[in-house]
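Written out below as structure tokens is the structure these notes cover.
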Amino acid sequence: MRKQMEGDNQRRRALARDARERGRLPSQTGASLSASKQITSLDRRERSGPPPAGRRKPDTTRGGPAPPPAAVAERPRPLPEERPPPVTTLGYRDLVGDVSRRAGVDFSTAKVAAEATVLALAWALDEAARERLLEAVPVKLHDVVPVDGIEQRRDLPGFLAEVGRRSRLTPEQARYQAQATLAALADADGELVESLRVPDGLRDLLAPPVAGGGLVGATSAAAPLDEQELRDALAQLKYWSSDRQSLVRTIELPNGNLDRVLDRLDQLRGETGRGPQIGRPDPDNAVLTVRSEQVDGVTASDVDLARRVDGAIDEAGAGMAAG
């Protein structure tokens with residue numbers, strides 16, 4: 001065994017000399033390894049070929065180029081686009097009830113007027129303001145757009161005509177109730193109304209009404225006429241009297257004719273959503289009373305209704321004369 005090892009060493013030394021003479025390192029010929037390891041090492045290098053290309057984990061223990069620094073963004077990541085805070089939706093019954101109190105009309109009449117005002121105003125605004133308004137007001141006030149559409153009117157007479165067309169109100173009534181609607185909106189959410197940028201032609205509807213006979217009084221209800229205004233109104237209403245709380249007119253007609261007049265007054269209530277209270281002490285007499293329940297006094301809308309009652313009675317009377 002010992003002789004075999006000496007023979008192996010002699011062969012390795014001979015191979016090493018031969019390698020040096022040819023200008024090669026002994027390790028390149030396998031002369032520095034045992035016989036079994038020489039062949040294995042050489043075969044492995046020949047089979048494996050060069051190391052694979054591509055990115056390899058840097059070995060900091062062997063030097064070489066340092067790894068690149070971590071990437072730094074040139075600009076900070078943009079934040080999501082800021083959106084305006086959500087608009088608080090107003091309560092349907094609270095809003096319409098407020099319009100009812102301010103205008104001195106019943107709830108159903110106030111609902112129709114508020115709906116007409118909201119739709120007419122929405123179409124008078126630019127698109128962004130329209131979306132804010134419709135998002136804030138109760139859906140019941142704009143859930144159905146009329147088949148014949150809404151006309152875009154930014155002048156006051158045209159706007160009131162559109163509100164009146166939608167609610168079957170006269171321009172005077174339309175102004176009272178449109179102003180009541182906007183006042184109720186402003187009271188519920190002043191920032192909303194301010195942000196709408198109402199067209200200049202309609203800004204008169206946002207101005208505080210005149211005292212006495214105007215729309216809104218100190219208690220947020222319809223302001224009653226003062227004494228002088230009531231006297232002036234009665235001077236124009238020759239068939240009416242007043243106890244300062246209401247307007248009263250008595251009609252005396254034969255039974256059949258009186259029935260026809262009262263039928264016409266019932267029709268007036270259907271047209272406007274409001275009519276006089278009717279008492280009938282006997283078949284040939286009727287007592288008509290106009291009063292705003294929420295107000296301690298006679299209002300401008302009461303005077304307007306009394307005029308409409310007179311017109312309806314005259315219309316029914318003309319029909320009777322023609323018959």
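The values are calculated or read from the model by the stated rules, or taken from the named source; none is laboratory data. Quick caveat: nothing in here was measured; it's all calculated off a predicted structure. Positions of Cβ are backbone-derived with ideal geometry, glycine not excepted, and every protein chain shown enters the neighbour counts. Note: areas computed on protein heavy atoms with side chains; ligands, DNA, RNA excluded. Shrake-Rupley method; radii C 1.70, N 1.55, O 1.52, S 1.80 Å.
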- [ ] Kindly establish whether E162 is open to solvent by less than 10 Å² (accessible area, probe 1.4 Å) and part of a helix (DSSP H, G or I).
- [x] yes
Task: When residues of region 280-301 are limited to those that are touching a residue at least 40 places away in the same chain (Cβ under 8 Å) and touching a Pro at 6+ places or on another chain (Cβ under 7 Å), the one most open to solvent (accessible area, probe 1.4 Å) - done: D296
TODO: Determine whether region 245-254 contains at least one residue that is of a type in the set (V, I, T), without any contact (Cβ under 8 Å) to a residue 24 or more places away in the chain and open to solvent by 60 Å² or more (accessible area, probe 1.4 Å).
DONE: no
Task: Hits in region 90-143 (condition: more than 19 Å from L156 (Cα to Cα), of a type in the set (V, I, T) and under 12 Å from the mean Cα position of the chain (by Cα)) - done: V137, V139
Task: S100 among the polar types (S, T, N, Q), assigned to a helix (DSSP H, G or I), open to solvent by 40 Å² or more (accessible area, probe 1.4 Å) and modelled with pLDDT of 55 or more - done: no
TODO: Please specify each residue of region 236-262 satisfying the condition of being over 23 Å from P224 (Cα atoms) and among the hydrophobic types (A, V, I, L, M, F, W, C).
DONE: I251, L253, L258, V261, L262
Task: L119 vs. criteria touching a residue at least 40 places away in the same chain (Cβ under 8 Å), open to solvent by less than 80 Å² (accessible area, probe 1.4 Å) and under 14 Å from R166 (Cα atoms) - done: yes
Task: region 196-219 - residue that is within 19 Å of Q173 (Cβ to Cβ), surrounded by fewer than 18 Cβ atoms within 10 Å (Cβ to Cβ) and of a type in the set (A, V, I, L, M, F, W, C) and, of those, modelled with the highest pLDDT - done: L206
- [ ] Could you give me the residue pairs with C-beta distances under 8 Å whose first residue belongs to region 305-318 and is of a type in the set (A, V, I, L, M), whose second residue is open to solvent by 40 Å² or more (accessible area, probe 1.4 Å) wherever it lies, and which are 6+ apart or on separate chains?
- [x] A312/Q267; A316/R260; A316/D263
- [ ] Restrict the check to region 269-279 and report whether at least one residue is farther than 20 Å from R168 by Cα and open to solvent by less than 20 Å² (accessible area, probe 1.4 Å).
- [x] no
TODO: Just name the residue that is farthest from S301 (Cα to Cα) out of those in region 248-283 that are of a type in the set (A, V, I, L, M, F, W, C) and under 41 Å from the mean Cα position of the chain (by Cα).
DONE: L265
Open item on the list: All but one of (1) open to solvent by less than 50 Å² (accessible area, probe 1.4 Å); (2) out of contact with any Phe, Trp or Tyr (no Cβ under 8 Å at 6 or more places or on another chain); (3) within 19 Å of A174 (Cα to Cα) hold for A306; state the number of the condition that does not hold.
Closed with: (2)
TODO: Run V193 past the list (1) open to solvent by less than 50 Å² (accessible area, probe 1.4 Å); (2) modelled with pLDDT of 90 or more and report the number of the one that doesn't hold.
DONE: (2)
Open item on the list: Please go through region 220-244 and give me each residue that is open to solvent by 40 Å² or more (accessible area, probe 1.4 Å) and assigned to a loop (DSSP other than H, G, I, E, B), ordered by number.
Closed with: S220, D226, K238, Y239, D243, R244
